[in-house]
Amino acid sequence: MFIKKIFENRVDESVHNQFTKFGKGTFNGRAIVTMRITPSKVRLVTSFDMTFDLIEFIIDLVDKVKVKGKVLSRNKLNLENEKKGRVYEYSLDKELSSKEIKDILEKCYFPLLNCEAEGIKLKIGQRLPKPGKDELGENFSVLDLDLKYKDKAKRVFFWDILDFKKAKSRHTFEITEIIMPKGEKDFAKIRILAKRKGKIIRKLEIDGKKSDKESDFVA
């Protein structure tokens, strides 16, 4: 999870990619995750910006996944059912290996892919939120898991909590500085390569009890 990497000071390219669309300012209601543990299953409900993390979590659990939905990409991919508009759009309805899915995640702009495997069912919204909104909603994706995946889900999404039945996290991004890449003159590349510096406020509600945590970051 990209938030976990920031709090553990492990910022990498996947974390950087989460911030390329942000300018300076305060952005509320980001990376929202609600996790409920019941006697029969684990359910995670998240905002759209957790989609990559959810799919990456799934492909770390199993070797093959049935996917159905769309892949959006700014660049042409080696996939079937291509449709060209403002971005390339590919429709998928097949079983893929975790390695194949990982390759798609590394190359695409956004994966709107429902995923299913034994003990795993992920349902993702099929339209991206409109740009410019502050609060982006918290039920874009729903992931149901067999109880055998409970501890792994907790370690990824609520690594900083010992025990709970219901946990919710939401984040505020406070970006105070844009660090420009040296020597680059292409404005499109500058936007992507520039690093964002600021602070993340992690707001937790664990079985009804609220708390906040903060971490500075450069990504």
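The values are calculated or read from the model by the stated rules, or taken from the named source; none is laboratory data. It should be emphasised that the depicted structure is a prediction, and the values quoted were computed from it without experimental measurement. Every residue, glycine among them, receives a Cβ derived from its backbone with ideal geometry; neighbour counts consider all protein chains shown.
Filtering F27, F7, F52 for residues that are touching a residue at least 12 places away in the same chain (Cβ under 8 Å), under 17 Å from the mean Cα position of the chain (by Cα) and within 18 Å of L105 (Cα to Cα) leaves a single hit, F52. Within region 138-162, how many residues are under 12 Å from L61 (Cα atoms) and of a type in the set (S, T, Y)? The qualifying residues number 1.
When the residues of region 46-79 are filtered to those that are under 15 Å from L113 (Cα atoms) and among the charged types (D, E, K, R), which remaining residue is surrounded by the most Cβ atoms within 10 Å (Cβ to Cβ)? Before you say what the answer is, go through the steps one by one.
Restricting attention to region 46-79, the residues satisfying the condition of being under 15 Å from L113 (Cα atoms) are 46-59, 64-73, 79.
Right, trim to among the charged types (D, E, K, R) and you get 49, 53, 56, 64, 66, 68, 70.
Numbers: D49: 20, D53: 22, E56: 17, K64: 15, K66: 16, K68: 15, K70: 19.
Only one residue tops the list, namely D53.
Of all the criteria given as (1) of a type in the set (V, I, T); (2) without any contact (Cβ under 8 Å) to a residue 12 or more places away in the chain; (3) closer than 18 Å to T46 by Cα, the one not satisfied by I206 is (2). Listed here are the strands (runs of 3 or more DSSP E) enclosed by region 139-211 that have at least 2 residues being under 21 Å from D12 (Cβ atoms) and not acidic (D, E): 166-179, 195-206.
Does region 186-196 contain at least one residue that is over 20 Å from the mean Cα position of the chain (by Cα), at pLDDT 95 or above and charged (D, E, K, R)? Within region 186-196 (the criterion being over 20 Å from the mean Cα position of the chain (by Cα), at pLDDT 95 or above and charged (D, E, K, R)), the answer is no, since none of the residues qualifies. Output the number of the condition that D160 fails; it satisfies all remaining conditions of (1) under 17 Å from N28 (Cα atoms); (2) touching a residue at least 40 places away in the same chain (Cβ under 8 Å); (3) not aromatic (F, W, Y). Result: D160 fails condition (1) only.
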